[in-house]
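*Asks:* The structure is given below, and queries will be raised subsequently.
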Amino acid sequence: MAPGSRCCLLLLLLLLLGVLGAPALGDPGPLEDVVIDRYYIPKICLREAQMGDFIRYHYNGTFKDGKKFDSSYDRGATVAGVVGVGRLITGMDRGLQGMCVNERRHLIVPPHLGYGSIGVAGLIPPDATLYFDVVMLDIWNKNDKLQITTLSKPQRCNRTVENSDFVRYHYNGTLLDGTPFDSSYSKGSTYDTYVGTGWLIKGMDQGLLGMCAGEKRSIIIPPFLAYGEKGYGTVIPPQASLVFSVLLVDFHNPKDGVFLEHLEVPESCKRRAVTGDFVRYHYNGTLMDGTLFDSSYSRNQTYNTYIGKGYIIPGMDQGLQGVCVGEHRRVVIPPHLAYGENGAGEHKIPGSAVLIFDVHIIDFHNPADPVEIETVFRPEGCNVTSRHRDFVRYHYNCSLLDGTRLFSS
């Protein structure tokens, strides 16, 4: 048979099938299973929804002609439930499995995997094929634990957060899909509270433990360690996982005393400062995160005061005890020995702030000190010595106690 004849015969056969009512080539006939179109898949997918997972999602439900029969958006609330355990229609149970957070899918659910030949009175007719547009917002499981990721950590870390510590931290809080719900940065102040005493949600109480001042963490908290079935107000829906990006600014314990670090102590130290001494010293004052709040160097003038008499904050009164002239010392002062809950606005010291002073002792004396004489050279055969009202000629070098030269003849 010639090629042209074969072509004509095929066309006649197709036409005859169409007349007899056979399915067209583009019509697959009744669907056997749910049809899944993953039309948006996020670049990062930490986990996929599996059978038994608790999920939260939004959806629009329509018929083939586009007529809407239901929408979670119209109700203003996400749908939450367990996937793959028969609590949803079979087509939805199958269509949601394997989804990532923020993934979007089109689902076509045939009648036998939807509401079948019965339908839903007044809403879904019998034998209706259902079309769902779904976005996954949250996935968690009852076996989940807190997920902590250290984003950055300072090289120097003398102590980490423990239960009963008072902490000051900044945070950004989002839902698992990235929707922000709160931020301390937008309020312009840290969040200040005790750890491990029930003032925070359980997940945050656990997530802050072991942090260093200046450390940054990402903390993912499942709902049962956050606000659970009730959610919180209008910003955190029920059964929502929470993501906190935390920067620990400061922490201390109410039982803390002054912490001293001897950075440099001169070899020669004839006397150490005691209560009642008048001390001249330079200092840099910083917060625990390194923020400079005051410096005597910037004024080019020492700070001069009596110690142990209440003229300065209690922590510094304690921290300057026992210093030597020329010593460099770091004094770490908890807030209850500094400016307490109120802070000191003029010095840019927030409430409940730990203060760090790097101190250089220039000199000190006591008002009761006598003149101190040290003979460094005396000639042999000295029979005559100076007396009161004698006229003398002498050379001199005059310096401060730290060795700074002032005058010289």
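Derivation of every value follows stated rules applied to the coordinates shown; laboratory data play no part. Please read these numbers as outputs of a predicted model, since none were measured by experiment. Neighbour counts are summed over all protein chains in view; Cβ atoms, including those assigned to glycine, are modelled from backbone coordinates with ideal geometry.
*Asks:* Test of the criteria: in segment 305-409, which GluC sites (Glu not before Pro) are in a DSSP loop and have at most 14 other Cβ atoms within 10 angstrom of their Cβ?
*Replies:* Passing both the DSSP loop test and the Cβ count: GLU341, GLU372, GLU374, GLU380.
*Asks:* If eta is 0.692 mPa s and T is 37 °C, what Stokes-Einstein diffusion coefficient results for segment 35-140, Kirkwood Rh from Cα pairs, in µm²/s?
*Replies:* So the translational diffusion coefficient is about 235 µm²/s.
*Asks:* Using the Kirkwood radius over Cα pairs, work out the Stokes-Einstein diffusion coefficient for the chain at 37 °C and 0.692 mPa s, in µm²/s as a whole number.
*Replies:* 115 µm²/s
*Asks:* To continue, here is another question. Based solely on C-alpha atoms, express the radius of gyration and the Dmax of segment 259-365 in angstrom.
*Replies:* 13.3, 41
*Asks:* Over segment 147-252, what relative contact order in percent results from Cα pairs under 8 Å that are six or more residues apart?
*Replies:* With pairs under 8 Å counted, the relative contact order is 37 percent.
*Asks:* Please identify which residues in segment 357-399 have an amide N closer than 13 Å to a label point set 7 Å out from the Cα of ARG156, following the Cα→Cβ vector.
*Replies:* The answer is 357-359.
*Asks:* With +1 on the Cβ of every Lys and Arg and -1 on the Cβ of every Asp and Glu, and nothing else charged, how large is the dipole of segment 259-365 about its Cα centre, in debye rounded to the nearest 20?
*Replies:* Computed charge dipole of segment 259-365: roughly 280 debye.
*Asks:* I'd like the trypsin sites (Lys or Arg not before Pro) in segment 266-370 restricted to DSSP loop residues with at most 10 other Cβ atoms within 10 Å, sorted by number.
*Replies:* Qualifying residues, ordered by number: LYS270.
*Asks:* Once you place label points 7 Å from the Cα toward the Cβ at LYS202 and GLN301, how far apart are they in nm?
*Replies:* 5.8 nm
*Asks:* Could you tell me the ratio Rg/Rh of segment 184-228? Both radii from Cα atoms, Rh via Kirkwood.
*Replies:* For segment 184-228, the value is 0.97.
*Asks:* Report the net charge of residues surrounding HIS336, where surrounding means a beta-carbon distance below 15 angstrom and charges are Lys +1, Arg +1, Asp -1, Glu -1.
*Replies:* Local charge sum for HIS336: -4.
*Asks:* Could you tell me the calculated FRET efficiency between ASP127 and LYS187, based on Cβ-Cβ distance and R0 = 56 angstrom, to the nearest 0.05?
*Replies:* Efficiency, from the Cβ-Cβ distance: 0.50.
*Asks:* Tally Lys/Arg at +1 and Asp/Glu at -1 over every other residue whose Cβ is under 14 Å from the Cβ of ASN304; what's the total?
*Replies:* Net local charge, ASN304 excluded: 0.
*Asks:* Could you tell me the center-to-center distance, by alpha carbons, between segment 41-75 and segment 311-362 in angstrom?
*Replies:* Result: 57 Å between the Cα centres.
*Asks:* Quick one: plug the Kirkwood hydrodynamic radius of segment 304-409 (C-alpha pairs) into Stokes-Einstein at 37 °C, 0.692 mPa s, and report D in µm²/s.
*Replies:* 182 µm²/s
*Asks:* With a cut-off of at most 13 other beta carbons within 10 Å, and DSSP calling the residue loop, which GluC sites (Glu not before Pro) in segment 250-295 qualify? Please list them.
*Replies:* Passing sites in segment 250-295 are GLU267.
*Asks:* Still on this structure, please answer the following. Mean residue ellipticity at 222 nm from the helices of the chain, using -39,500 (n - 2.57) per DSSP H segment of n ≥ 4 over the full residue count, to the nearest 500 deg cm²/dmol?
*Replies:* About -3000 deg cm²/dmol.
*Asks:* Now for a different question. Evaluate Rg over Rh across segment 99-258, taking Cα atoms for both radii and Kirkwood's formula for Rh.
*Replies:* Dividing the radius of gyration by the Kirkwood radius yields 1.17.
*Asks:* For segment 35-140, what's the relative contact order in percent, using C-alpha pairs closer than 8 Å and at least 6 residues apart?
*Replies:* 37 percent
*Asks:* Roughly how many debye, to the nearest 20, is the charge dipole of the chain about its Cα centre, given +1 on each Lys and Arg Cβ, -1 on each Asp and Glu Cβ, and no other charges?
*Replies:* With Lys and Arg at +1 and Asp and Glu at -1, about 340 debye.
*Asks:* Shifting gears a bit: Can you check what the net charge comes to around THR179, using other residues whose Cβ is under 13 Å from the Cβ of THR179 (Lys, Arg +1; Asp, Glu -1)?
*Replies:* Overall, the nearby charge balance is -2.
*Asks:* Still on this structure, please answer the following. Over the chain, what is the relative contact order in whole percent, taking alpha-carbon pairs under 8 Å and six or more residues apart?
*Replies:* So the answer I get is 11 percent.
*Asks:* Ok, one more. Just name one of ASN342, LEU263, THR275: the one whose Cα is farthest towards the positive end of the charge dipole of segment 259-365 (beta-carbon charges, Lys/Arg +1, Asp/Glu -1).
*Replies:* The residue sitting farthest along the positive end of the dipole is THR275.
*Asks:* Using alpha carbons only, how many degrees (0 to 90, rounded to 10) separate the axis of helix 3-19 from the longest principal axis of the chain?
*Replies:* Approximately 90 degrees, to the nearest 10.
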